[in-house]
Amino acid sequence: MPQPAAEGYAELHAWSNFSFLQGGSHPEELIETAAGLGLTAIALTDRNGLYGTVRFSAHARQRGVEAIVGSELTLEDGARIVLLVEEESGYANLCELISRAQMRGSKGDARLRPDDFEGRSGGLFALAGGPFGRVGRRRAAAYKAIFGERFYIELQQHLTPQETRRNLQLVRVARELGIPYVATNAAVYASKDDALLVDVLACVRDGTTLQVARAANALRPNAEFHLKSPAAMRRLFAQYPEAIAASIAIARRCRFRLERLAGQFPLFPVPEGSSPQRYLRKLVYQGAVKRYAAPLETKVERQLEYELGLIAKMDLAGYFLIVWDIVREAAELGVLCQGRGSAANSAVCYALGITAVDPIAMNLLFERFMSEERREIPDIDIDFAHQDREQVIQYVYERYGRNNAAMAAEVICYRTRSALRDVAKALGFTLEHVDALAAEYDATESFETICHPEVRVLSESKDERR
């Protein structure tokens with residue numbers, strides 16, 4: 001067990017609003033609050049996914065906050081476990097575990113099995129306890145067998161007698177089994193002022209009103225589920241100072257950062273004796289002859305060489321070959337497709353048949369599509385005829401394997417009018433009042449002028465709120 005620390009605390013369990021209708025703060029708000037409180041580090045552990053991790057990590061980098069990647073996963077029996085990424089192998093394992101849980105369950109109902117951890121526990125810290133951990137001797141011993149010294153029993157204290165009793169039981173189990181324990185606040189929102197917002201979101205989620213939910217004790221017992229300062233956490237866990245020290249010890253070992261992750265593509269099979277770059281060059285010049293006719297003009301050859309040189313420097317030949325292969329297969333299948341966006345600025349994409357606009361003739365700027373300074377993979381967006389695109393999707397699965405393919409999804413955010421209607425219903429307004437408020441908003445376009453005091457939690461001049 002780590003020795004008690006004189007100061008400092010790392011929050012290892014926090015939700016953002018990407019835990020849909022459960023968390024109450026944007027990832028950026030969590031980072032800003034963590035920076036203001038002087039936390040040693042903060043982990044984002046949204047439910048059954050990594051949805052807000054990119055925004056969380058990007059803002060943490062800007063603010064100089066140590067941001068830990070994690071997720072809170074749900075097992076088939078409803079118990080939950082928090083997984084924190086220690087190193088790159090742990091990130092791969094966490095992604096695999098999330099995928100297995102999501103594919104087994106239905107939408108919004110991910111289900112993980114204990115045997116899913118087999119061969120996938122490396123590089124991960126695991127925390128279990130609190131009201132949803134369902135941790136007793138048997139489960140704690142099982143987790144210890146899986147994660148070894150990287151399993152910690154999680155203590156929480158939101159000033160309720162139930163948690164005080166639970167902590168006594170959890171500490172007893174931890175000491176009997178020789179398992180370390182750690183303190184978290186299981187933060188659901190950044191600051192105390194957001195507590196009402198989370199209650200309203202819970203009512204929106206459950207299709208009820210605040211009055212009914214409060215009467216049924218269906219909401220959190222108080223407003224203590226916010227990020228807290230190291231001093232506040234030390235006071236809450238004065239009986240267990242080693243639990244505070246453990247949070248810092250775990251944070252120091254969780255050194256993985258999302259921005260250090262390098263993209264990896266499935267290997268494109270090139271002809272024997274060739275290489276991805278040489279094969280790409282061959283295809284580009286074959287396509288260029290068809291597009292521009294031979295012999296190639298000097299300006300065309302110069303542009304192709306410039307682009308191919310940058311592709312080689314950034315080691316992206318395999319990426320371009322994969323995109324070319326998908327477009328080629330679509331053509332063979334008779335599926336209409338068209339590259340669009342900034343990819344149209346690339347003569348290589350034009351020569352490969354990915355795009356249909358000649359960027360040289362149109363004097364388009366290639367650097368808008370790809371540049372060495374940005375050090376990132378360029379976007380190549382391709383539209384496929386919707387009635388036939390399933391054929392292309394199946395080809396990608398078969399050619400490159402389902403483990404190397406994923407479907408991207410949009411994140412839909414609240415706009416003010418929709419937020420107003422949902423919040424008004426949660427506050428118990430009649431449908432007639434809801435419609436009147438919406439109409440008044442349409443007329444004034446000023447949310448602030450028509451807000452009930454409790455509706456203002458969603459205003460603050462924000463157009464978006466999960």
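The values are calculated or read from the model by the stated rules, or taken from the named source; none is laboratory data. Every value quoted in this text rests on a predicted model; they were computed, and no experiment measured them. Using ideal geometry, Cβ is built from the backbone for each residue, glycine included, and neighbour counts are taken over all protein chains shown. Calculation scope for accessible area: heavy atoms of the full protein, side chains included, ligands and nucleic acids excluded. Shrake-Rupley method; radii C 1.70, N 1.55, O 1.52, S 1.80 Å.
Brief remarks follow.
- Using the 1.4 Å probe convention, the accessible area of the chain works out to 49 Å² per residue with neighbouring protein chains retained.
- Set of region 316-344 residues, backbone N closer than 16 Å to the point 7 Å along the Cα-Cβ line of residue 368: 339-344
- Per-residue HN-Hα couplings for region 36-41 [Karplus 6.51, -1.76, 1.60; θ = phi - 60°; Hz; x = Gly/Pro]: x, 7, x, 5, 4, 6
- Relative contact order [Cα under 8 Å, 6+ residues apart], the chain, whole percent: 15
- Tilt relative to the chain, helix 88-104 - C-alpha long axis, 0 to 90 degrees, to 10: 80
- Protein-only accessible surface at a 1.4 angstrom probe places the residues 282, 290, 144, 228 in the order 290, 282, 144, 228, largest first.
- To put it simply, the accessible area of the chain at a 1.4 Å probe is 50 percent carbon and sulfur.
- Nearest-ten-degree value, helix 53-63 long axis tilted from longest Cα axis of the chain: 80
- 0 to 90° range, to nearest 10: angle between helix 317-333 axis and the chain longest Cα axis: 70
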